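Worksheet: the structure to be examined is printed underneath.
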There are 2 protein chains.
Amino acid sequence: MTTIKDIARVAGVSVTTVSRALNGYSDVNEKTRQKIAAVARELNYSPNTLARGLVMQKSKTIGLLVSGISRESVKDNFTFEVLCGVNERASTLGYDLILFNTNTMMQREKTYTQLCRERRVDGVIIQGIKKDDPYLKEVVESDIPCVLVDIPVHSSSVGYVTTDNALGAKKAVKHLVSLGHQHIGMINGHGDAFVSRERLRGFSQALHEYRIPFRPERVLDGEFQEKKAEEEALKLLTEHKKVTAIFCASDLMALGALKACKELGLDVPKDISIVGYDNIFLASHSSPNLTTVGQEVYQIGYEAADLLIEMLEGKETNMKRYLDTKLIIRESTAKNHS
Amino acid sequence: MTTIKDIARVAGVSVTTVSRALNGYSDVNEKTRQKIAAVARELNYSPNTLARGLVMQKSKTIGLLVSGISRESVKDNFTFEVLCGVNERASTLGYDLILFNTNTMMQREKTYTQLCRERRVDGVIIQGIKKDDPYLKEVVESDIPCVLVDIPVHSSSVGYVTTDNALGAKKAVKHLVSLGHQHIGMINGHGDAFVSRERLRGFSQALHEYRIPFRPERVLDGEFQEKKAEEEALKLLTEHKKVTAIFCASDLMALGALKACKELGLDVPKDISIVGYDNIFLASHSSPNLTTVGQEVYQIGYEAADLLIEMLEGKETNMKRYLDTKLIIRESTAKNHS
DNA sequence: CTGAAAGCGCTAACAG
DNA sequence: CTGTTAGCGCTTTCAG
């Protein structure tokens with residue numbers, strides 16, 4: 001493994017000069033620079049980022065902390081899409097990604113701060129953490145630069161990127177109301193998720209705006225699971241016969257609701273309209289295709305990395321970024337005939 | 001940021017002793033150890049892995065090189081599942097993961113070896129690389145410990161984990177033949193993929209074993225894309241009217257074939273039987289559900305990490321690991337009636 | 001324009 | 001059982 005020392009020896013200069021030449025400093029004679037570059041290439045030199053990180057006190061590495069990397073969550077590629085976006089932006093800007101995993105943290109009994117400091121990551125992007133997760137508190141209190149995905153919490157070192165979940169929910173309700181639906185149920189995720197609270201807020205606000213009474217008993221929690229959502233939808237539809245439309249806080253749950261309708265012999269969209277959220281790949285492949293509130297998940301990851309790196313490099317930047325949602329109308333919604 | 005130096009000062013010992021105490025060496029007085037542990041906790045000490053890596057010449061980090069981390073490949077969560085498995089095993093064994101990305105490599109014009117050396121990863125897991133990828137050659141020639149996913153290439157420092165793709169294809173054919181199908185077409189991926197070549201080999205071998213002539217003109221490449229597969233299936237079904245069953249080298253392509261059938265007014269499975277490969281999430285949610293050759297993708301990643309780490313830690317181990325496939329019979333295949 | 005020297009935080013002989 | 005010393009590979013004052 002060649003080092004700058006080797007290069008220095010062969011090129012007949014000092015390590016200082018080698019370092020400066022290789023890092024593109026201006027105060028190096030052009031000839032010396034050429035010589036050094038040639039030797040470096042010849043010796044097949046690669047800089048040692050560990051050594052560099054040690055002395056520079058930064059690693060050009062950002063940590064990605066996701067609770068979603070487990071066996072179960074494989075079917076939901078939200079996490080993966082975020083990761084792809086983060087990876088794209090980070091690598092373009094010269095940062096590498098290191099994966100943390102909350103399960104591991106607990107198992108090793110390491111705190112968030114410890115993890116970050118050990119690996120000397122310059123900053124962190126966090127995704128899929130619950131609002132009652134103890135790490136969230138730590139994140140906000142620590143001074144490690146951090147960007148949260150879908151969690152609108154901020155401080156001097158913490159920013160976030162999210163979509164306007166309340167607005168997204170409103171779009172769904174507006175669509176349903178415009179189709180003549182007045183009795184709309186909701187299958188939400190769970191109270192610990194910021195997005196759930198926001199989508200519920202949007203849902204009830206929209207109803208309010210349309211002068212439709214908001215009935216809490218028509219909102220059930222599907223825990224973001226297909227199966228659970230199916231059960232809850234079954235309950236919703238049997239106990240509240242007037243309901244002609246369901247807004248689900250995720251596509252996966254909408255799929256569950258779809259199944260529930262099938263079991264009850266209800267046709268979607270003729271008898272019941274269903275709107276999902278997320279626009280996962282499956283949404284355009286189910287039958288009927290799902291009308292859904294789409295978010296650009298890849299873009300969320302991209303923006304998260306972009307924001308974090310701007311913070312790291314001391315740029316003046318807005319630490320709260322909102323992305324847009326788009327209502328995608330497919331086959332699962334139709335005019336109300338009841 | 002506290003260092004062992006700080007601890008040494010406060011505890012009134014030398015840095016050596018601190019280092020040894022913290023690393024659990026036996027030759028430290030129990031009392032001193034306690035004292036040091038207490039001070040470390042009090043000072044909120046975190047070891048600096050960069051410094052440690054620098055002196056130890058290893059980083060307890062493994063690189064994950066995937067070509068699948070791009071915007072397009074989001075729909076195919078094979079990559080993600082592998083990643084989850086790798087992450088699980090690696091983190092359990094105390095290794096962190098760092099993400100590389102081939103696009104980045106090209107763009108930065110860095111070779112595989114450079115990437116690995118710069119980051120001082122102890123080893124690498126590679127996934128989704130094509131057989132003609134220049135990096136593959138480099139991998140085999142370099143002496144960096146490496147595990148390949150689904151590429152049966154090995155050397156003294158390179159191992160692999162894969163499923164028996166030929167056998168998987170055979171299972172599919174066997175199933176179709178047992179249902180009475182004699183004219184079976186195939187939508188393959190592309191010639192550059194090892195898995196495609198293997199699945200094709202299994203396909204033709206199986207036909208041979210059943211004394212069914214293998215007709216190359218009934219094998220078309222769908223390039224692992226849904227859309228392309230749909231087009232090819234359309235061709236296959238119109239040009240070869242005798243075909244009553246199609247074996248697709250991926251579920252995504254099977255979905256495309258499904259669409260082609262729909263367009264031609266052919267019922268699946270009554271008129272045409274279709275078998276996919278992979279058992280992606282979508283396979284159990286399409287209509288009809290896909291009969292498919294399932295592989296435990298998560299497990300592939302898990303084994304890859306396990307194998308790599310065994311190699312890194314100098315354990316005697318079999319550097320070629322094969323996982324099993326399982327034929328999953330659902331709704332897209334039925335008895336041949338033509 | 002170039003070099004000597006110090007030091008990032010840690011581990012590992014070696015000597016007590 | 002403990003401390004002294006050297007050094008991993010790199011960047012960075014500070015002098016020439």
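A short reminder: the numbers here are calculations on the coordinates, not readings from a lab. Treat the numbers as computed from the prediction; the structure is a model and nothing was measured. Methodologically, a virtual Cβ is constructed for each residue, glycine included, from the backbone with ideal geometry; neighbour enumeration extends over all protein chains shown.
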Let me check against my output: what whole-number percent is the relative contact order of segment B:4-45, with C-alpha pairs under 8 Å and at least 6 apart?
40 percent
Rounded to the nearest 5, the percent of antiparallel DSSP beta bridges in chain A equals 10 percent
Sequence gap at least 6, Cα distance under 8 Å: using those rules, report the relative contact order of chain B to the nearest whole percent.
17 percent
Can you name the helices of chain A, as whole DSSP H runs, whose Cα span along the helix axis is 15 Å or more and whose Kyte-Doolittle mean is not below -0.5?
A:78-92, A:165-178, A:251-263, A:297-312
Let me confirm one metric for peptide A:115-121, namely the mean number of other chain beta-carbon atoms within 10 Å of its residues' beta-carbons.
5
Chain A residue with Cβ closest to the axis mapping A onto B, distance in whole Å
A:PHE80, 2
Other copies of A:GLU209: label-to-label distances in nm, shortest first, labels 7 Å along the beta-carbon direction
6.3
Convex hull around the C-alpha positions of the protein assembly as shown: the volume in Å³ per residue is 188 Å³
Across peptide A:46-56, what mean number of C-beta atoms from other chains lies inside 10 Å of a residue's C-beta?
6
Across the identical copies, how the A:LYS235 labels are spaced - nm, sorted shortest first, 7 Å along Cα→Cβ:
5.3
Over segment A:165-295, what is the relative contact order in whole percent, taking alpha-carbon pairs under 8 Å and six or more residues apart?
25 percent
Ordered shortest first, which distances in nm separate the 7 Å Cα→C-beta label point of B:GLU30 from those of the other copies?
7.2
Considering only C-alpha atoms, what is the centroid distance from segment A:262-338 to segment A:147-211, in Å?
11 Å
Tell me the mean residue ellipticity at 222 nm calculated for chain A from its helices only (DSSP H runs of n ≥ 4, each -39500 (n - 2.57), averaged over every residue, nearest 500).
-13500 deg cm²/dmol
Taking every DSSP beta bridge with both residues inside segment A:98-242, roughly what % is antiparallel (nearest 5)?
10 percent
Which of A:ALA304, A:ALA11, A:ALA90 ends up with the largest GNM mean-square fluctuation for chain A, with Cα atoms connected below 10 Å?
A:ALA11
